[in-house]
């Protein structure tokens, strides 16, 4: 981190905690609820968003001086949509089963407010290096919440982590039962709400 300037370091680290896209900006909630039943889908979704957001921010920053103001949103969407389509095809080629589980949510990265918002608010005004770090930081902040929610939902709802059983059979033998609520939408809301609350306490953010 010492190699980064103060502004670059802020662009990378600010979205991880103090200005997290999900907990503070309340963006990307739909996918945070929909793809977090299991760890593997949450991790793959995180990698997809990291790739799309980091690369799209960089490309848009590089060509920003060539984009007419009246069509800037169309150009941004075209860049993002192209990267999403490429990512979707890669997932279908190498992770077909997970690609099917993610269903339409990879395609919906195109309309994710985080991706388009960072392109418009940051990439259009900053250098490619800073734009990349901003995209990388925001996607990690988003993905961190996805993985945390998925970890708790899979552990409590299925007794496993990344598909591996971690709750010993001896507990089931004495009456332990998985919390079926955790694999349903209400469970996702509960876990997400608790994590947002904890994160805001840690970050020292108070509700007005």
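The values are calculated or read from the model by the stated rules, or taken from the named source; none is laboratory data. Please read these numbers as outputs of a predicted model, since none were measured by experiment. Methodologically, a virtual Cβ is constructed for each residue, glycine included, from the backbone with ideal geometry; neighbour enumeration extends over all protein chains shown.
Per-structure values
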| read-out | value |
| --- | --- |
| Qualifying position, being at negative phi, out of contact with any helix residue (DSSP H, G or I) (no Cβ under 9 Å at 6 or more places or on another chain) and in a helix (DSSP H, G or I), among 79, 104 | 104 |
| Given (1) under 22 Å from residue 153 (Cα atoms); (2) modelled with pLDDT of 90 or more, index of the condition residue 65 fails | (1) |
| Pick from the stretch 139-179, criterion exposed (fewer than 15 other Cβ atoms within 10 Å of the Cβ) and in a strand (DSSP E or B), ranking: farthest from the chain's Cα centre (by Cα) | 165 |
| Selection count where residues are modelled with pLDDT under 85 and not in a helix (DSSP H, G or I), scope the stretch 107-138 | 1 |
| Residue satisfying condition, being surrounded by fewer than 16 Cβ atoms within 10 Å (Cβ to Cβ) and outside any helix (DSSP H, G or I), within set 37, 26 | 26 |
